[in-house]
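Note sheet for the following structure.
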Amino acid sequence: MKTKCDHCGLEYDEKILIKDISFEKPKNFCCKGCQGVYRLLKNEGLDGFYDKRGKTSLEPPKSALDDAKKFDLEGFREKYIREKEGFCEISLIISGIHCAACIWLNEKILYKLEGVIEVNISQANNKAKIVWDPELIQLSAIIEAIRSIGYNAYPYDARAQEANANAARRDYYARLAFGIFAVMNIMWIAIAQYYGYFFGIEQNAKNVLTFAEFLLATPTLFYTGSIFFKGAYYGVKNGFVTMDLLIASGSSLAYSYSIYAMLSGIGEPYFDSVAMIITFVFAGKFFEVLMRKKAVDTLDSISGMMPTEALVVEGQEKRFVSVESIKKGDLIELKAGEKVVIDGICVNGEGSFDEASLSGESVPVLKEAGSKIISGSICLDSVILYRAEALAKDSTINKIASLLEDAMNKKPRIEQLANQISRKFSTTVLSIAFITLFVWWYNAGFSEALIVAISVVVIACPCALGLATPVSTLVGLGMGAKKGVLFKEAKFLESLAKCDVLAVDKTGTITFGKPEVVDAQIFEKFDETILYALTKSSLHPVSKGVAKYLENLYPNLKEAKLTNIKTLEAKGVEANFEGKRIIGGNKRLLKEFGFECEDKEATNYWFAVDDKICACFILEDIPRGDAKEAIAKIKQLGISVVMLTGDNENAAKQSAECVGIEEFHAALLPQQKAEFIENLRAKGKKVVMAGDGINDALALAKSDIAISLGSGTDIAVNVSDIILMNDSLSALAKAFLISKKTYRTVKQNIAFSILYNATTIPLAVCGFVMPLIAALSMSFSSLVVVANALRIKSFK
């Protein structure tokens with residue numbers, strides 16, 4: 001005789017179970033572990049877990065687990081644990097979680113531990129964020145508490161999560177591909193059947209066609225549609241009536257009746273409706289999985305962009321060591337093109353650093369002895385020796401990553417309007433169908449009652465309501481892709497349509513992020529091929545800007561052959577040409593060679609041959625060509641526009657005036673941009689943030705909708721909800737237009753769906769609609785919704 005263990009719920013032979021008579025009612029346990037956990041929960045007053053667990057079975061507690069003390073080791077601490085204001089924080093994956101009851105139990109047991117400050121477990125991926133006071137409790141004690149109730153925990157591994165996301169995407173693709181294949185073939189069969197219904201068809205031919213539909217609809221329902229049955233099961237189990245239940249029950253009833261009609265010859269089968277219902281709705285599910293893969297964990301892009309080793313100098317020796325092993329006071333050598341991994345102070349050398357990804361400044365910053373070196377910046381043109389002033393986990397780039405994680409954990413999720421309606425609608429339709437079944441059964445018999453009940457469900461589910469949102473959003477997403485706008489998830493179409501404030505970064509968003517020549521002052525005639533060769537010999541952004549200017553001015557320009565080319569750190573380039581000394585660079589370089597240069601506010605590039613200054617090029621980071629028109633269009637939609645930048649006041653004012661932005665805020669740090677966004681949201685505003693760099697990532701995460709340019713940094717692109725693929729601000733205006741038109745269409749479709757169901761369901765309940773007419777009505781309502789959604793393509 002099989003008996004269930006009173007803790008884990010697994011069935012065993014009654015003879016091998018441990019019988020515990022110490023309770024008021026004797027209990028049976030499969031092992032000492034289950035017996036111990038049951039006693040623990042009972043003593044702690046947490047035995048309500050078993051009511052919440054329902055019929056879900058658990059794994060018995062494991063006895064052979066590795067030593068939890070390893071979680072307290074220094075190496076583990078440095079790699080996985082973050083410290084904030086005296087508290088420690090870690091992200092764990094808790095294995096063994098099956099349902100909401102498991103999450104409830106883990107959170108309750110952890111909150112009972114002295115020193116645990118915060119516990120937040122995601123049911124989507126079992127990822128737990130735990131904050132604790134290290135003075136009161138160690139991480140090993142937290143792990144042991146989790147294990148004591150039959151679960152296990154290990155540090156969050158992004159690679160494992162990525163593998164799971166890829167597997168889910170492949171599975172969904174296979175299911176959708178089969179559904180589309182089945183629907184395409186069933187549609188051809190259905191055409192023949194409908195023709196035969198109205199104009200006559202031999203019974204044998206009709207039976208063959210029906211059986212062929214059965215063969216195609218069956219795997220579509222139970223293979224492609226299995227996700228809806230699973231969702232319906234867990235929804236009912238936790239007390240929720242969802243769209244999954246409506247889709248599963250409607251398609252199942254139609255399928256069951258179709259089998260009855262096929263075998264009995266009474267009535268008409270609706271296998272075509274079954275396949276189309278499942279496939280159309282599943283397409284929307286597939287898109288969500290496809291987009292979710294790109295956002296498994298945005299924070300991984302930050303750690304992925306940073307080197308894992310650095311060159312440490314110890315006396316006369318140099319060796320590469322891991323970033324985690326670097327201590328305060330260590331000397332680090334940095335070469336041209338390398339990224340800074342740890343904050344420090346420059347000890348020897350000078351050079352230009354690209355801090356655009358941190359501050360938003362497009363112009364390189366000169367660093368010399370005593371200057372602060374910031375992690376995340378890039379050394380452009382020299383060899384620098386600097387002293388580490390912080391550990392890797394306390395560096396600027398890691399602080400930004402930590403703040404970004406907090407922002408993303410608190411980011412609100414906007415639910416679809418269709419899902420909000422469907423919660424009550426689904427329950428109502430099912431209730432009406434069951435009441436109809438019993439009333440008609442009592443008055444007219446089961447066969448007729450079943451046909452009427454199926455008519456009620458088929459005419460209402462999912463028809464217009466099921467397609468109202470997915471079709472409109474898919475058309476909107478397709479239009480967005482054609483216009484260079486990529487929405488990572490369909491829900492962002494609605495979210496963007498509801499926003500009323502646009503906060504936009506300057507450098508790289510309003511402007512190109514690359515200095516361009518705006519004025520050229522020629523003092524002496526010179527050979528352009530010499531200057532072109534000199535600028536091409538340097539990777540400095542200013543030199544590139546001058547080279548591009550020359551290429552545009554002289555399309556077929558060739559490079560002169562220079563000799564003795566020397567790059568002078570943070571100054572420019574020196575070379576020789578046929579015995580002449582050639583110099584190109586900033587004012588500081590020319591002064592070292594004895595030239596007198598006029599002070600200029602803008603960035604400038606001086607060019608001299610021997611003892612004569614031949615030219616000076618003034619460069620600015622100019623706005624994008626379509627920026628002014630795009631900003632004007634966005635304003636016409638009733639959206640307020642504000643510019644946030646790390647640039648100085650004068651540069652910010654000039655750019656804002658050029659593109660027609662009245663409100664701007666300059667010299668902002670990443671944290672200050674994020675605070676500005678939070679303040680707007682605290683006032684009830686729905687905020688869109690558009691940016692392209694690491695300095696924008698925190699503000700992007702704090703906003704309701706984050707938009708980045710495709711050419712932006714990986715961090716900005718990954719944290720964003722919408723990507724402008726063609727780096728055009730006109731695409732930003734199109735994103736707003738498409739989202740508003742799509743959202744308006746969604747509301748129209750939902751309104752039509754409600755009106756349709758309010759009219760047709762009563763007719764079906766009264767028996768005036770047979771299943772065939774119900775299916776045709778459902779198809780008609782779907783066509784109306786699809787046709788209305790296609791109007792989005794008329795966007796101009």
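The values are calculated or read from the model by the stated rules, or taken from the named source; none is laboratory data. Being a predicted model, the structure only gives us computed values, none of them experimental. With ideal geometry, Cβ positions are generated from the backbone for all residues, glycine too; neighbour counts draw on all protein chains shown. Calculation scope for accessible area: heavy atoms of the full protein, side chains included, ligands and nucleic acids excluded. Shrake-Rupley method; radii C 1.70, N 1.55, O 1.52, S 1.80 Å.
Which numbered condition trips up ILE201, out of (1) aliphatic (A, V, I, L, M); (2) surrounded by fewer than 12 Cβ atoms within 10 Å (Cβ to Cβ); (3) outside any helix (DSSP H, G or I)?
(2)
Do you know which residues across the range 704-762 are in a strand (DSSP E or B), in contact with a Gly (Cβ under 7 Å, 6 or more places away or on another chain) and modelled with pLDDT of 80 or more?
SER708
Of LEU299, LEU311, LEU290, which residue is at pLDDT 60 or above and either in contact with a Cys (Cβ under 6 Å, 6 or more places away or on another chain) or open to solvent by 20 Å² or more (accessible area, probe 1.4 Å) (or both)?
Just a single option satisfies the conditions, and that option is LEU311.
Please tell me if ILE421 is aliphatic (A, V, I, L, M), at pLDDT 85 or above and not in a loop (DSSP other than H, G, I, E, B).
no
So which residues in the range 586-596 are of a type outside the set (A, V, I, L, M, F, W, C) and at negative phi, if there are any at all?
Once the filter is applied, which keeps residues that are of a type outside the set (A, V, I, L, M, F, W, C) and at negative phi, the range 586-596 yields ASN586, LYS587, ARG588, LYS591, GLU592, GLU596.
Of the numbered conditions (1) over 15 Å from HIS7 (Cβ atoms); (2) modelled with pLDDT of 65 or more; (3) under 35 Å from the mean Cα position of the chain (by Cα), GLY45 fails exactly one; give the number of that condition.
(3)
Can you list residue pairs whose Cβ atoms sit under 9 Å apart, with the first residue in the range 426-446 being aromatic (Phe, Trp, Tyr) and the second being modelled with pLDDT of 85 or more and outside any helix (DSSP H, G or I)? Count only pairs 6 or more apart in sequence or on different chains.
TRP440/GLY767
Just checking, does the range 518-534 include any residue being modelled with pLDDT under 90, open to solvent by less than 50 Å² (accessible area, probe 1.4 Å) and outside any helix (DSSP H, G or I)?
No; the residues of the range 518-534 include none that is modelled with pLDDT under 90, open to solvent by less than 50 Å² (accessible area, probe 1.4 Å) and outside any helix (DSSP H, G or I).
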